[in-house]
């Protein structure tokens, strides 16, 4: 059974599979999509199987056992096809069929049967995965597939049909080139149809995701607060997301004689962080609506319970830093509670900037259900005429120079310097200068979401 011609053809087959493996690996690396990982694994198994078959050539049973490794190739392509067309694969039955086929082949070999009798049971089991999925596709999905998907399905069925010719061609050296010619044609067909079908699926998936992200981005933009002139206060804010959907959250609520201001920062950024920010918005607004008299520390206690329960259901270990600020009776007295980046307070009378730590409970909300109300503190902040409160997420203070953290961070000192120099300017002008300095420092390369708001106590007699 050892034939130099057959062995050389098997090595050539492995070489052809290697080219496709490298191509699939490149697609996987560029897209990071699981479908291309499946394609890479499928081609890699072809290489392994071809090398095993070239080594196992001593007798009918050994050759058949070497060919049994093709079951992994067939199963890999069947799994790929099933993932593309969204059908299930009966793995248990297929594995039992392979075990039964190998057992029958062993019995036939022990009885001195011909190569056809020895190899046929195993060949049928080897061909079964792609045939099974192919039949499912024809019956359940054919009418919904585009040309690329249909080509992949037909190529996989052709691969299974080629597996069956092993029974009749492998033992006849003169016909071996015919079998390997068919094998190369099958490889050629799959090498064209598989990437085309997968790219079509990935493109559609990315288009759906882009549409969903656009909806989420639009929703976040509509929920973002606007600049406002309030009773005795001025409010201005800025938000910039590192991704299309961000995890930073700013909000301003008015409820009766009270007004609420929030800044929050979800760990990480992107879609899931944005989802948690929207959860927080829903929880905060619902609690304030239901309990207008709630204090900032009570609010954080309740929000923590809600977010922790939601995140536990999602099996997500994120949490969110937050500062909740309440102003009552249209005055300049603020009550705040949270665990967040430090607040900066510009005092108009002295033109100095004070730092107010926001460390009223550990870590943030959503991290643990064991955050008792007694563990949460608060603080009171009195504002004089012209005083300004600057509240930001860590994306401002930790903005990296040129987008690279090793080159240094923007830091709170630069914000303090800016407030000291122009804290009396209109809020819109302070915002413009800060954003300009951030852009110059990072050259527009932000590693995290950036958000901040400013509250200023209007001087006595200033127009509303």
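The values are calculated or read from the model by the stated rules, or taken from the named source; none is laboratory data. Bear in mind that the values here come from a model prediction, so they are computed numbers and not experimental data. Cβ sites come from the backbone with ideal geometry, for glycine too, and all protein chains shown count toward neighbours.
Structure data summary
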quantity	calculated
Residue in region 24-46 that is within 23 Å of residue 105 (Cα to Cα), surrounded by fewer than 17 Cβ atoms within 10 Å (Cβ to Cβ) and more than 30 Å from the chain's Cα centre (by Cα) present	no
Failed condition for residue 436, given (1) over 20 Å from residue 239 (Cβ atoms); (2) in a helix (DSSP H, G or I)	(1)
Residue tally, condition surrounded by fewer than 18 Cβ atoms within 10 Å (Cβ to Cβ), within 33 Å of the chain's Cα centre (by Cα) and closer than 14 Å to residue 259 by Cβ, over region 285-299	1
Residue in region 355-370 that is closer than 24 Å to residue 238 by Cα, surrounded by fewer than 17 Cβ atoms within 10 Å (Cβ to Cβ), touching a residue at least 60 places away in the same chain (Cβ under 8 Å) and out of contact with any helix residue (DSSP H, G or I) (no Cβ under 9 Å at 6 or more places or on another chain) present	no
Condition check for residue 118: surrounded by 22 or more Cβ atoms within 10 Å (Cβ to Cβ) and farther than 26 Å from residue 40 by Cα	yes
Qualifying residue in region 235-251 (condition: more than 24 Å from residue 383 (Cα to Cα), surrounded by fewer than 22 Cβ atoms within 10 Å (Cβ to Cβ) and either in contact with a strand residue (DSSP E or B) (Cβ under 6 Å, 6 or more places away or on another chain) or not assigned by TED's automatic domain parsing to the domain that holds residue 446 (or both))	yes
Given (1) in contact (Cβ under 8 Å) with a residue 12 or more places away in the chain; (2) over 27 Å from the mean Cα position of the chain (by Cα); (3) within 23 Å of residue 342 (Cβ to Cβ), index of the condition residue 417 fails	(1)
For residue 171: the one exception among (1) surrounded by 15 or more Cβ atoms within 10 Å (Cβ to Cβ); (2) part of a helix (DSSP H, G or I)	(2)
Selected residue [modelled with pLDDT under 95 and buried (at least 17 other Cβ atoms within 10 Å of the Cβ)] from 346, 319	319
